[in-house]
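Notes for the one structure printed next.
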Amino acid sequence: MRYASIKIGISSLALVAILFMTIAVVISASTQEKKGAQQNGVDNSKMGPYRALAQHIYVDFQKGDLAGAAEMARVLERLWDKAEDYGGDTALSKTNRKLFDDIDKAMDQFITPLTEAKGKAPDPVKFKAAYNAYLDKLKQAD
């Protein structure tokens with residue numbers, strides 16, 4: 001009789017362990033799905049690439065690399081125009097012209113101090129405000 005209760009106890013313990021492992025796998029998978037909204041630090045959203053470039057530009061500016069920031073600002077502007085202005089039926093300029101114009105204006109206010117700096121650094125406070133305003137506008141289109 002004593003051995004039967006041990007077998008039942010071990011079976012119950014194994015069942016409980018399997019249950020906990022299953023719960024752990026489900027929780028882990030759901031956590032990974034939430035993180036799946038990004039890949040290599042870039043949002044997998046329509047505005048993700050623009051946001052990543054803006055962040056790169058801002059970091060270059062903070063490091064004092066004005067030439068690098070200005071170069072990336074030109075890349076951002078060209079990418080934006082190609083994809084969202086001339087990008088076909090799914091381009092933001094075709095699907096939501098007002099939002100496109102708002103984002104385009106915010107982007108210009110963010111990058112113009114760099115592209116037209118002529119070696120002089122933009123005011124850090126104004127530049128950060130323009131950067132944050134641009135990111136806020138991008139969120140509206142995600």
Check: If you check residue 101 against the conditions, is it part of a helix (DSSP H, G or I) and either polar (S, T, N, Q) or over 17 Å from residue 130 (Cα atoms) (or both)?
Finding: no
Checklist line | Number of the condition not met by residue 142 [criteria: (1) within 17 Å of the chain's Cα centre (by Cα); (2) closer than 16 Å to residue 45 by Cβ; (3) surrounded by fewer than 18 Cβ atoms within 10 Å (Cβ to Cβ); (4) modelled with pLDDT of 95 or more] | finding: (4)
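When only residues in segment 50-98 that are assigned to a loop (DSSP other than H, G, I, E, B) and free of Cβ contacts under 8 Å to residues at least 24 places away in the same chain count, which is farthest from residue 142 (Cα to Cα)? Lay out the reasoning, then the answer.
First pass over segment 50-98, keeping only residues assigned to a loop (DSSP other than H, G, I, E, B): 64-65, 86-91, 96.
Checking the rest, the ones that are also free of Cβ contacts under 8 Å to residues at least 24 places away in the same chain come to 65, 86-91.
Values: 65: 29, 86: 19, 87: 17, 88: 18, 89: 17, 90: 13, 91: 13 Å.
Here the residue is 65.
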Notebook entry, point to check: Within segment 85-139, can you find the residues that are surrounded by 15 or more Cβ atoms within 10 Å (Cβ to Cβ) and touching a Pro at 6+ places or on another chain (Cβ under 9 Å)?
Noted result: 113, 114, 122, 127, 130
Checklist line | Filtered residues of segment 122-142 (kept if among the aliphatic types (A, V, I, L, M) and in contact (Cβ under 8 Å) with a residue 60 or more places away in the chain) | finding: 135, 138, 141
Check: Of the residues that sit in segment 111-123 and are touching a helix residue (DSSP H, G or I) at 6+ places or on another chain (Cβ under 8 Å) and part of a helix (DSSP H, G or I), which one is farthest from residue 76 (Cα to Cα)?
Finding: 113
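The values are calculated or read from the model by the stated rules, or taken from the named source; none is laboratory data. Computed from a prediction, not measured in an experiment: that's the story for all the values here. Here the Cβ is made from the backbone with ideal geometry for all residues, glycine too, and neighbour counts use every protein chain on show.
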